[in-house]
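Heads up, the thing below is written out as structure tokens.
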Amino acid sequence: MNCLVCSHEIPVKEGESGTLSFSCPWCDFPGYAKAGTQALALVKAKVKPIVAAIQQAYPNPPQPTGALPAPAPAAPKKKTLFG
């Protein structure tokens, strides 16, 4: 989502209990929304789904070719004093 103070895009973390927390690395604004509150609904409305954000950042991702490169040949084992 965009920071509520400086408008930079920031990540939002969701805890096990459903609470959301975020902190802006540019302006140090912290945010917290407990599960079951109106704050949670407001923050979730501003959060961009990660899939949509990835598709926006990479509109034409490279397609796999299907062929993997051949593995490098194994190096010959060196003989040592112990075997």
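Each reported figure results from applying straightforward, stated rules to the coordinates on display, with no laboratory input. Quick caveat: nothing in here was measured; it's all calculated off a predicted structure. Neighbour counts run over all protein chains shown; Cβ positions are idealised from the backbone, glycine included.
Take the Cα of Thr80, step 7 Å toward its Cβ, do the same at Cys6, and the gap between the two points is 5.3 nm. Residue order for Tyr32, Tyr58, fewest other beta carbons within 10 angstrom first, comes to Tyr58, Tyr32. Residues whose amide H comes within less than 5 Å of that of Cys24, counting only those at least five positions distant or on another chain, are Phe29 (H built at 1.01 Å from N in the peptide plane). Only Cα pairs under 8 Å and at least 6 apart count here; give the relative contact order of the chain as a rounded whole percent. This gives 18 percent for the chain. Among the lysines of the chain, pairs at least eight places apart or on separate chains and with Cα atoms under 27 Å apart come to 7. Listed values for the stretch 55-68 are Karplus-derived 3J(HN,Hα) couplings in whole Hz (6.51 cos²θ - 1.76 cosθ + 1.60, θ = phi - 60°), namely 5, 6, 6, 10, x, 10, x, x, 8, x, 8, x, 9, 8, and x replaces Gly and Pro. If the chain linking Gln63 and Trp26 were pulled fully straight, counting 0.36 nm for each residue of separation and taking away their Cα-Cα distance, it would gain 9.8 nm.
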